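Novice: The structure that follows is given in the form of structure tokens.
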Amino acid sequence: MVIADPPLMDSSAPELAGTPPPPAPAERSVVAQIEHLDFFYGTTQALKDVTLDLESRKVTAFIGPSGCGKSTLLRCLNRMNDLIEGARVAGGTVRIHGTNIYDRTVDVIEVRKRVGMVFQKSNPFPKSIYENITYGLRLHGRRDKSRLDAIVEQALRGAALWDEVKDRLHQSGLGLSGGQQQRLCIARAIAVEPEIILMDEPCSALDPVATAKIEELIQELRARFTIVIVTHNMQQAARVSDRTAFFYLGSLVEYADTRDIFTNPAKPQTEAYVSGRFG
Amino acid sequence: MIPPTVAAPPRFTVSRRRLRLLGLTADDGIRWFFGGNALIAVIVLTLITLFLFREGAGFFGQNRSNLEIYRRAGLEYVDFIRAQTDDHTALTRYLSDLRVRWMTWLLEQERHSLEEANARLEDFDRFADRFAGAVDPLRELMSGLADHASGIKAKYQLTQDRRVEQAQLAAAGRTAEAAGIEISAIDFERELEPLRESLPTYRQLSRDLAGELTALLAEAPAPPTPALRQRMDRFAELTREYVAGFPAVEHRLETWDSAQPVPAHRAFTSFLFGRQWLTASSWQDWYGIVPLFVGSLLVAALALLLAVPLGVGAAIYVSQLASSREQRLIKPCIEFISAIPSVVLGFFGIVILGETLRQLSQVSWLSWLPGFPYSERLNILTAGSLLALVAVPTIFTLAEDALNNVPRGFKEASLALGASQLQTVLKIIVPASLSGIVSAVLLGFGRVIGETMIVLLCAGNRIEIPDFTRGVAVVTEPVHTMTGIIAQEMGEVVRDSIHYRALFMVGLVLFLLALVINYAAQKIMRRYRLSTG
Amino acid sequence: MKPEPSTFHSRPDGRRRIERATTWIFRAATYLVLLAGGAVLLTIAVKGSRTLFQSEAPFINWSFLTEAPESLYIFEWEGRTLEMGDREFRAFKERNPAAANVEAESYVYSAGGIFPAIAGTLLLVLGSMTIALAVGVSAAVYLNEYARDGRGIRFIRLAILNLAGVPSIVFGLFGFGLFVIFLGWNVSLLAGWFTLAFMVLPVVITASEEALKAVPLGFREGSLALGATKWQTIRRNVLPYALPGILTSSVLGIARVAGETAPIMFTAAYVVRDQLPWQVERLGDFFFQGVMALPYHIYVVSSKIPQNAHTERVQYGTALVFLLLVATIAGTSILLRQHLRKRHSW
């Protein structure tokens, strides 16, 4: 079987406070819409006419072989691609709550405040744990000490890290283990209360135990955030996500409920990939 | 079910207004500020070029009038005759050199006492005296004409000074005073008449001289040994050549025209190819860069000759052959050497090295070395040796980089084929990094040619093209350099004078030379990156 | 009995000997360089320490470090040879009227100390490095953080590379032409600062860029993804971590600024100056005064006065103090770097 542990999704979800069971298709609420997106690195086209909606408070997984454009699409959602030389959106739109984030009037800084990101390689800043969490808040002018303390605790609890680090908040974030570092990065991201959290292969550098913890955490975060996760690990996609998009050579091949993708894919390429015949 | 919870999604305010000034946000401003700083490198380079040109460009105009007055005041005319008498002096010197050799032979081979030897040379001395004295009438004529020409030049300069004064007064609004200054135009043609009138006298004297020399040659004493005889024959030959040149001098004097304008390019060529750098002279100033250029080049060449084997050898040793402990020890040491200020090295050269080398040259069993023994303690050798110490760290660091950049695979493949460590280094690694090493050497060259304090203190500062006929021994001669002349004379020149501008021109030549060297080094380096990348 | 040759028998002796000899040649070249450098340093250290140190307490000859240069007078008096500095000699003549017309040999700058030169050099280094670091780090930030590769940037990089190869005397000429004459600053601290700053600019820019490159990309991405602006990211999350590297590599620049003579010869240095740099009437004058500088003083005492037992003292002493100063500057910077490293490591 490809689906390792389908009950996990269903069984864990209802436990989260106030989270409704998976809604019926008609009730889906869309946070972001990607429409006909074409994206280039210099002269190479990385994304071809991708159209896809992200649903609120769901975990969406992007899967596909290396170089298929899944990470590129992820980075289009908070315009991190702006940093790469020669990268440009050639056509199409990315709308978040109806606003095209590539519009000229849009301030990229505001976009990134609302769309947080966790990177493949955990990148805590060489500052204390406390400073790591408050970094984003201080940037945006929050100085109130007691409020910051509260947010730090909240964020660390949210990232299931509080109990492990509460006694050493003022020690360097680099002293943590790999898995803890990655959760610190997640805590750092949720501290600024984004709406969407992008995760770019967040577990690829972690051992299985740390991976399991992160996956568990993603399940919990689902109640409060819209999560998009890029992963190489199909079992992981099956375990954590509600919706899965399969990319191949820059095109979106199939986008459907995770269960359907893994048990009943519509496209032969998807089936070939999820059953491990290529990729 | 969902809609109630997300019914009113927070407004996605992604277009927050930022404070703008002149249409720029604060971030744009910061970006421009940084960009402006990056541009400073370009600006400085441009300014350097600009100011060297600004201060130096006037040189050519001034040099042209310098050359013009040289001609119009008749100095050029006198110098034709002076060249003739100078050639005569050179021949006389040849004779006295011959006498020294003859004397040595008499004293050492024949074991004569000094008086005896002098007696034996009486004939020769009489001959030499007559030879030397033959030119006296001509020289007398020349010096009389020279005084006259100098007088014309001085007069001209006086009027020039008055003109400047007048212009200054006029500019200051003191017109009455300005008008009061008397400026008499100089009638060069009339002033030059004595020079022209001397031509028949010159002809006579020159012909007399030719006759006397030819006659003298016939009665030249014959030296006793073949070697000396050969020198005597050579002397006779040179004298005949010298005499044969007289009609040409005469022709030059006859056809000389003081009114003929100096072509514009002469101002340029007399700088670039001029073999004399002579300033503050009572006769005529010359600004020819050749002796300085040659000096710089010689010192740099010697420095590289010493530094390249040492620097590259040390780089090969440290990067490929030495143990890691040795590496950790040697690298900082060599870097520390590069931190020794050049003025300290120059000081060391003056107080220790110059004297040590000179004493070394006096050691008898080293006298087989070319140029040994010598007496000038500050010379190319002293300066070059110290400059080598400046060049070594530069060459070492860059060459070591190049050697370390050779992909490990090359080395491993070679070792796996059974090549020894040294074979691998010499046959694989060094060739693979050759262009890096070459560019290291080039940059080392740029470093030494631009070095000032060492050459200023240790090169001897004699402005003359060294005597290349001495072969390798030329390194024991003192020279002056382009960098040294700027450092030495810049502090003393009058602003905006031709001398001042000439120094800026030397600076410009140095600057362009440095750019060319740098460019070549980069070109070579880039090619090397392609070849191993 | 000959032992059975093994399969891995050694190579022929001759070739091995050649190989060993060649290695020794390379080794000899290396140690010859070290020896030459060591000889220079040692000579100056040994001879200079006679000036700088003394056998009785406080062991350091403070007067050499704290006094201004004076002329040295040597004369015969009551059968003894006396050596006196300028002031002492005058006082002596007042005390002994008979000595008024005593014949004395005199050597300029050979008595007293070199304090004004030390102060001048420190001021020159401080000012020019401030300028060079401000401009150089900013330029490096632009090149490494903001700029995208293009013709303009390539041109800037080419200019920086070429600037690095310009001889120091040409910088001196340039500074003279631009600051001293065109801007009318005369021979002044300010002219020297800018001339030296422009000279080390390429070193500082290159060093800063290396240091900025060493800061992991993740620091920038992480910060930007949290909604920081570019400048916030650079200021809080890049520059602090690049600083140790920038400072370390700037040591190279500092050593060069302190050690160069040619650029300050006609822009900032005086052969001798009685006032100390801070003895000015108005604050503005501070920037427009020429100063004495150690490297220039060495040049002066080694080329303008004769070498003999009487002048040796000041010559070697100045050279040693200068070397020590350069070494101290480098040392301080290295310590500073280690301190900063301890605070930030990743």
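FYI, it's all coordinate maths here, none of it is from the lab. Predicted model only: the values in this text are computed from it and were never measured. Glycine gets a Cβ as well: all are built from the backbone with ideal geometry, and neighbour counts include every protein chain shown.
Novice: What ³J(HN,Hα) values, in whole Hz, does the Karplus curve 6.51 cos²θ - 1.76 cosθ + 1.60 give for region A:115-130 when θ = phi - 60°, with x put for Gly and Pro?
Specialist: 10, x, 8, 10, 9, 4, 9, 4, 10, x, 6, x, 10, 5, 4, 4
Novice: Once phi is turned into ³J(HN,Hα) by the Karplus curve 6.51 cos²θ - 1.76 cosθ + 1.60 with θ = phi - 60°, what whole-Hz value does each residue of region C:127-144 show in order, with x for glycine and proline?
Specialist: Running phi through 6.51 cos²θ - 1.76 cosθ + 1.60 with θ = phi - 60° gives x, 5, 5, 4, 5, 5, 5, 4, 6, x, 5, 4, 4, 5, 4, 4, 5, 8 Hz.
Novice: Between A:Thr44 and C:Lys213, what FRET efficiency follows from the Cβ-Cβ distance if R0 is 30 Å, with the result rounded to 0.05?
Specialist: Approximately 0.75, to the nearest 0.05.
Novice: For n ≥ 4 DSSP H runs only, could you compute -39500 (n - 2.57) per run for chain B, divide by its residues and tell me the 222 nm figure to the nearest 500?
Specialist: -22500 deg cm²/dmol
Novice: Could you work out the relative contact order of region B:68-264? I mean the mean sequence separation of Cα pairs under 8 Å and 6+ apart, divided by the number of residues, in percent.
Specialist: The normalised contact order for region B:68-264 reaches 37 percent.
Novice: Moving on. In straight Cα distance, which lysines are under 19 Å from A:Lys166, not counting same-chain residues fewer than 8 positions off?
Specialist: A:Lys127, A:Lys145, A:Lys213
Novice: Still on this model: Show me the ranking of peptides B:370-378, C:214-222 by mean Cβ neighbours inside 10 Å, starting with the highest.
Specialist: The peptides rank, most packed first, as C:214-222, B:370-378.
Novice: Fully extended, how many nm does the chain gain between B:Ser65 and B:Asp161 (0.36 nm per residue separation, minus their Cα-Cα distance)?
Specialist: Roughly 33.1 nm would be gained on extension.
Novice: Follow-up. Name the residues of region C:100-118 whose amide N is less than 18 Å from a point 7 angstrom out from the Cα of C:Glu88 along the C-beta direction?
Specialist: From region C:100-118, the list is C:100, C:102-115.
Novice: Which whole-number percent is the relative contact order of chain B (Cα, under 8 Å, 6+ apart)?
Specialist: 17
Novice: Moving to a separate point now. Using a/c under 1.5 as the rounded threshold, could you call region B:192-336 rounded, prolate or oblate? The axes a ≥ b ≥ c are square roots of the C-alpha gyration tensor eigenvalues, and prolate needs a/b larger than b/c, oblate otherwise.
Specialist: It comes out oblate by the Cα gyration axes.
Novice: Hey, another quick one. Counting only other chains, what is the mean number of Cβ atoms within 10 angstrom of the Cβ of each residue in peptide B:515-522?
Specialist: That average works out to 3.
Novice: Another question, then. Take peptides A:262-270, B:187-195 and line them up by average Cβ neighbours within 10 Å, highest first, as a rough protection proxy.
Specialist: In decreasing order of mean packing, A:262-270, B:187-195 become A:262-270, B:187-195.
Novice: Let me ask you something else. Take B:Asp123 and B:Ile352, extend 7 Å from each Cα along the Cα→Cβ direction, and tell me the distance between the two endpoints in nm.
Specialist: 5.8
Novice: Binned at 10 Å from 0, what are the whole-percent values of the Cα-Cα distance distribution for region B:68-264, short to long?
Specialist: Percent of pairs per bin, in order: 8, 26, 21, 17, 13, 8, 4, 2, 0.
Novice: Here is a further query. Can you give me the long-range amide H partners of B:Leu278? Hydrogens built in the peptide plane at 1.01 Å from N, cutoff under 5 Å, separation of 5 or more residues or another chain.
Specialist: B:Trp286, B:Tyr287, B:Gly288
Novice: Next question, about the same structure. Taking the Cα atoms only, what angle lies between the long axis of helix B:226-244 and the longest principal axis of chain B, rounded to 10 degrees?
Specialist: 90
Novice: Using only the Cα atoms of chain B, build the gyration tensor, take square roots of its eigenvalues as a ≥ b ≥ c, and label the shape rounded, prolate or oblate: rounded if a/c is under 1.5, else prolate if a/b is larger than b/c, else oblate.
Specialist: oblate
Novice: Still on this structure, I have one more. Given H placed on each backbone N at 1.01 Å, which residues far from C:Tyr109 in sequence or on other chains put an amide H within less than 5 Å of it?
Specialist: Amide H neighbours of C:Tyr109: C:Glu70, C:Ser71, C:Leu72.
Novice: Have a look at C:Tyr142, C:Pro58, C:Ile329 and report the one farthest towards the positive end of the charge dipole of chain C, computed about the Cα centre with Cβ charges (Lys/Arg +1, Asp/Glu -1).
Specialist: Farthest towards the positive pole: C:Tyr142.
Novice: 5 Å is the cut-off here: which amide hydrogens, built 1.01 Å from N in the peptide plane, fall below it relative to A:Ser128, excluding neighbours closer than 5 in sequence?
Specialist: For A:Ser128, whose amide H was placed from the backbone, the distant partners under 5 Å are A:Gly173.
Novice: Rounded to the nearest 0.05, what FRET efficiency is calculated for A:Asp167 and B:Ala26 with R0 set to 41 Å and r the Cβ-Cβ distance?
Specialist: E(calc), rounded to 0.05, equals 0.55.
Novice: Aspartates and glutamates near B:Lys331 by alpha-carbon distance under 16 Å, same-chain residues fewer than 8 away left out - which ones?
Specialist: Output for B:Lys331: B:Glu400, B:Asp401.
Novice: Report the charge-dipole magnitude of region C:171-243 in Debye, nearest 20, computed about the Cα centre from +1 at each Lys and Arg Cβ and -1 at each Asp and Glu Cβ.
Specialist: It comes to approximately 240 debye.
Novice: Between B:Gln168 and A:Thr105, what is the label-to-label distance in nm when each label sits 7 Å out along the Cα-to-Cβ direction?
Specialist: It is 7.0 nm.
Novice: Give the residue from B:Gly354, B:Ser342, B:Ser323 lying farthest towards the positive end of the charge dipole for region B:317-386; charges sit on Cβ (+1 for Lys and Arg, -1 for Asp and Glu) and the dipole is referred to the Cα centre.
Specialist: Farthest towards the positive end: B:Ser323.
Novice: Counting partner chain Cβ atoms within 10 Å of every residue's Cβ in A:117-124, what's the average?
Specialist: Across the residues of A:117-124, the mean count of other-chain Cβ atoms within 10 Å is 4.
Novice: Another question, then. Got a sec to turn the phi values of region B:511-518 into Karplus ³J(HN,Hα) couplings, 6.51 cos²θ - 1.76 cosθ + 1.60 with θ = phi - 60°, whole Hz, x for Gly and Pro?
Specialist: Going residue by residue, I get 4, 5, 4, 4, 4, 5, 4, 4 Hz, with x marking Gly and Pro.
Novice: Per residue of C:31-39, how many C-beta atoms from partner chains lie within 10 Å of its own C-beta, taken as a mean?
Specialist: Across the residues of C:31-39, the mean count of other-chain Cβ atoms within 10 Å is 6.
Novice: Once R0 is set to 25 Å, what does the formula 1/(1 + (r/R0)^6) return for the Cβ-Cβ distance between C:Ala28 and B:Gln359, expressed as a FRET efficiency to the nearest 0.05?
Specialist: 0.55
Novice: Among B:Val100, B:Val78, B:Thr89, whose Cα sits farthest toward the positive end of the charge dipole of region B:69-111 (+1 at Cβ of Lys/Arg, -1 at Cβ of Asp/Glu, about the Cα centre)?
Specialist: B:Val78
Novice: Turning to a different aspect of this structure: Treating only the Cβ of Lys, Arg, Asp and Glu as charged (+1, +1, -1, -1), what charge dipole size does chain B show about its Cα centre? Round to the nearest 20 debye.
Specialist: Roughly 3560 debye, rounded to the nearest 20.
Novice: Which length gain, in nm to one decimal place, applies between B:Val516 and B:Arg252 when the Cα-Cα distance is subtracted from 0.36 nm times their residue separation?
Specialist: 90.9 nm
Novice: Could you list the residues of region B:25-58 with an amide nitrogen less than 20 Å from a label point located 7 Å from the Cα of B:Phe268 in the Cα-to-C-beta direction?
Specialist: B:49-58
Novice: Is the protein assembly as shown best put as rounded, prolate or oblate by its Cα gyration tensor, with a ≥ b ≥ c the root eigenvalues, rounded for a/c under 1.5, and otherwise prolate when a/b is larger than b/c, oblate when not?
Specialist: prolate
Novice: Right, something else. Please work out how much length the chain gains when fully extended from C:Ala99 to C:Leu126, using 0.36 nm per residue of separation minus the C-alpha to C-alpha distance, in nm with one decimal.
Specialist: 5.1 nm
Novice: At 222 nm, what helix-only mean residue ellipticity would chain A give, in deg cm²/dmol to the nearest 500, using -39500 (n - 2.57) for each DSSP H run of four or more?
Specialist: After summing the helix terms and dividing by the residues of chain A, the value is -9500 deg cm²/dmol.
Novice: What relative contact order, as a whole-number percentage, does chain A give when Cα pairs under 8 Å and 6 or more residues apart are counted?
Specialist: 28
Novice: Using a simple charge model, +1 on the beta-carbon of Lys and Arg, -1 on the beta-carbon of Asp and Glu, nothing else, what dipole does region C:70-112 show about its Cα centre, in debye to the nearest 20?
Specialist: Once rounded to the nearest 20, the dipole reads 160 debye.
Novice: Where does each of C:167-179, C:19-31, C:287-299 land if you order them by average Cβ count within 10 Å, highest first?
Specialist: Result, highest mean first: C:167-179, C:287-299, C:19-31.
Novice: Here's another thing I want to ask about it. Consider all pairwise Cα distances in region C:70-112 and report the whole-number % of them above 13 Å.
Specialist: Tail fraction, whole percent: 49.
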